[in-house]
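The values are calculated or read from the model by the stated rules, or taken from the named source; none is laboratory data. Values in this document were obtained by computation on a predicted structure and should not be read as measured data. Virtual Cβ from ideal backbone geometry, glycine too; neighbours counted across all protein chains shown.
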Amino acid sequence: MAAEKFPVEAGHIMMFARSIGDANEIYYDEDYAKTTEPGGTVAPPTFVQASAQFDPNYFLRPKIGEEWFGSASGPTGITKREGGSGGGGGGGGLHAEQHYVYHRQVMAGDVLKATTKPGKSWEKEGRRGGKLKFSESVTEYHDQKGELVVTATSVGVQTEKPATS
Amino acid sequence: MSLKASELKVGDTYEEEVCRNLSRTQIVQYAGTSGDYNPLHSDEIFTTQIAGYPSVFAHGMLSMGMTGRMLTNYVGDGRLKSYGVRFTSQVFPGATLTAKATITDIREEDGEQIAAIEVSTQDADGVVVIKGQATARLD
């Protein structure tokens, strides 16, 4: 998740809070937020995940004018090519772990820059057979002054079979 | 609202029901705000016919976000120093989830009182869907 400019907006925080079912007034009422300890609209702890919105190449968002792998007239929108394996890419990757370190709280008004680098990778035998391939990516969010605000470590897993538990 | 080191002890717990009968629409809502439009979370046709799952399922990050709400309600706004989880089981529409925090340590770090917290979220059948840990600044 790389984003040159991730503007943290109060309206986006409000909608994000709604989507996680969080009724805390701090996310909805700026005047109230000013009276709280953070002194303004603070972002919920997992909000930086929404930096995906500002990553121009984020692969899990349909791109204008491009085929999308979700269903359309058929079960996948990817056109089957001669001799190819057909569509359905992207179905095998799942999120295994997510870790955040908060160097300070993210606040509405921040403009963050997200840079991602690969971390460790490892393999494990799955409970139901089939190899699980884990890989880590580390995203650092810096503010306008270049100070580190959040370090996010994400672990993805590729499964050979659908990973129903 | 925040926690005081003097009033807290190891083993203290706090829990909240963070969703009841999780709807597909809430999952769609989360896709819209987070920007993660993976069809595995909203597109039943793709998910069952192409990816081979029994149904769409929630983003792990939605469960982590709902669990984070329990944490911020417990420790106070802007108090978390770290928060990390493993997604131990998928969450399907209809899930009712309860998130629980357990204080595992209270210590001083760089002049601040810090609580270490074990985090666990389970469904109505007792299946753990999230296991993790957090640290928070105390008064």
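The listed residues are B:83, B:37, and the only one of them that is buried (at least 22 other Cβ atoms within 10 Å of the Cβ), among the hydroxyl-bearing types (Ser, Thr, Tyr) and within 7 Å of chain A (Cβ to nearest Cβ) turns out to be B:83.
Hey, does region B:11-24 have a residue that's surrounded by fewer than 21 Cβ atoms within 10 Å (Cβ to Cβ) and part of a helix (DSSP H, G or I)? There is at least one residue in region B:11-24 that is surrounded by fewer than 21 Cβ atoms within 10 Å (Cβ to Cβ) and part of a helix (DSSP H, G or I).
Going by the conditions given, is residue B:68 at the interface with chain A (Cβ under 9 Å from one of its Cβ atoms), at pLDDT 95 or above, touching a Leu at 6+ places or on another chain (Cβ under 9 Å) and in a helix (DSSP H, G or I)? Answer is yes for this residue. For region B:46-65, the tally of residues that are in a helix (DSSP H, G or I), in contact with a His (Cβ under 9 Å, 6 or more places away or on another chain) and farther than 19 Å from residue A:101 by Cβ stands at 2.
Okay, residues lined up against (1) at pLDDT 95 or above; (2) away from chain B (no Cβ under 12 Å); (3) touching a strand residue (DSSP E or B) at 6+ places or on another chain (Cβ under 8 Å):
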site	(1), (2), (3)
A:46	yes, no, yes
A:67	no, yes, no
A:76	no, no, no
A:81	no, yes, no
A:94	no, no, yes
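State whether the residues of region B:15-35 include one that is of a type in the set (D, E, K, R) and without any contact (Cβ under 8 Å) to a residue 12 or more places away in the chain. Taking every residue of region B:15-35 in turn, none turns out to be of a type in the set (D, E, K, R) and without any contact (Cβ under 8 Å) to a residue 12 or more places away in the chain.
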